[in-house]
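Below is one structure, written out as structure tokens, with a few remarks after it.
Any read-out appearing in this document is the output of simple, stated calculations on the displayed coordinates, not a laboratory observation. Here the structure is a predicted model, which is why all the values come from computation and not from measurement. Here the Cβ is made from the backbone with ideal geometry for all residues, glycine too, and neighbour counts use every protein chain on show.
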Amino acid sequence: MSQFSLKMDIADNRFYTGKTSAVFSLSESRKARAFHSQLKGYEPTPLYQLSALANLIGVRSILIKDESKRFGLNAFKMLGGAYAIVRLLCEKYDLDLANCSFEKLKASIGQKMTFATTTDGNHGRGVAWAAQQLGQNAVVYMPRGSAQERVEHIRTLGAVCEVTDMNYDDTVRMTMQKAQEKGWVIVQDTAWEGYTKIPTWIMQGYGTMADEAVSQIAQAGSGAPTHVFLQCGVGAMAAGVLGCLVDAYGANTLHSVLVEPELADCLYRSGIKGEAVNVGGTMATIMAGLACGEPNPLGWPLLRDCVHQFISCQDKVAALGMRVLGNPLGNDPRIISGESGAVGLGVLAAVHYHPQREELMQKLKLNADSVVLLLSTEGDTDVKHYREVVWEGRYPMAE
């Protein structure tokens, strides 16, 4: 068997308490899913079992949810943006969320609104999609280095989209300032002082993925997951999903691991210190959706209390995950997963091929009884880059 060593720094969480959250929970995730299920074109994204790969790696089962099938948008992010916009409008016009639809909301809006956000691609596309469905305007800003294809996806939905010369976190601050000047509504998946309600709704919206997975796992009879690997930017998705999962399976039973690029590993550093740590600089990682340097303060307490380990890894780990998912073993399904979506699977593969495989398996508490849950949160949202990695061998395992 080939062996190669990819950089993966694994930190145990010394501040783990197992304390769960009433805000990010199974019940809130079910409320979000009930709304999403009313939308035209809704269906749960598939949860695949990678039996041949699980056998190779030495675990009982690998389960992976494929979010490239979400509403034709090739990523999960619309779940949060759309849910937050609808919650905002229901509150504004005194409508019942349980009996609300895009059509009813569209008819209720008196004066046209503009929704503004910062994005690395997928969140902005989701906000633009929701605004289009509701007949409203959207303005989207992206950090420097953003892929032109992701820009065009947003513009195709009728939104104004501009790329700045700043990193993600500085672009968020600029968006906030412009929105205040122009009277736009900010729909951002991180929070700051005085801005918590909308990001809370966004994070709760992400819980739909987790609630679907809980139902699908029960229906499949594959056994409850023992592990979940969640990729992180600001930690909004991770907290929204993990809150539901620890409610369903128990924080002490589900071994949860957060994975970040080493160039934007704010949560890894926060996990070591026990308090939120910001990371600055260009954060030029291929995992564009995770290139965020400041933890979401709403999600951080839950992650601090319920995550067992934090991983900071090099970009090659994500590239490996993309290749493995796109070139499956045996009868395993082929999954087209983008850079941010594939990094969790990349960690499993990198552990398998590592010279210290056994030590890493023990450290992550992986064994023949493990059932590992992963979320492939995006497809090939940047097709050119996907093919450079998977077809042309960019970011090779050995150089």
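Key figures for this structure:
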| quantity | calculated |
| --- | --- |
| Chain lengthening between Ala220 and Glu358 when straightened (0.36 nm per residue, less Cα-Cα) | 46.7 nm |
| Helix-only [θ]222 nm of the chain, DSSP H runs n ≥ 4, -39500 (n - 2.57) each, per residue, nearest 500 | -13000 deg cm²/dmol |
| Residues Cys266, Cys244, Cys161, Cys100, sorted so that the one with the fewest Cβ neighbours within 10 Å comes first | Cys100, Cys161, Cys266, Cys244 |
| Segments 349-362, 110-123, 75-88 sorted - mean Cβ within 10 Å per residue, highest first | 75-88, 110-123, 349-362 |
| By average C-beta atoms within 10 angstrom, highest first, the peptides 42-52, 26-36, 284-294 | 284-294, 26-36, 42-52 |
| Estimated FRET transfer efficiency when R0 is 51 angstrom, pair Thr156-Ala398 (beta carbons, to 0.05) | 0.85 |
| Cut-off under 5 Å, modelled amide H: who pairs with Ala138 long-range | Phe115, Val160 |
| Placed amide H near Ile62: partners under 5 Å, 5+ positions off or other chain | Leu50, Ala54, Val372 |
| Potential lengthening between Glu275 and Leu39 on full extension [0.36 nm per residue; Cα-Cα distance subtracted] | 81.1 nm |
| Inter-label distance for Arg30 and Asp94, nm, one decimal - labels placed 7 Å from Cα along Cα-to-Cβ | 3.0 nm |
| Reach of Lys69 by Cα under 20 Å, taken over aspartates and glutamates that are not fewer than 8 positions away in the same chain | Glu43, Asp120, Glu149, Glu152, Asp211, Glu212, Asp332, Glu339, Glu378, Asp380, Asp382 |
| Rounded to 5, the percent of DSSP beta bridges in the chain classed as antiparallel | 25 percent |
| Residue-span extension gain [Asn327 to Thr164] - 0.36 nm each, minus C-alpha spacing | 55.1 nm |
| Cα-projected label distance for Ser5 with Thr253, points at 7 Å along beta-carbon direction, nm | 3.9 nm |
| Inter-centroid distance (Cα atoms) of the stretch 1-32 relative to the stretch 69-123, Å | 28 Å |
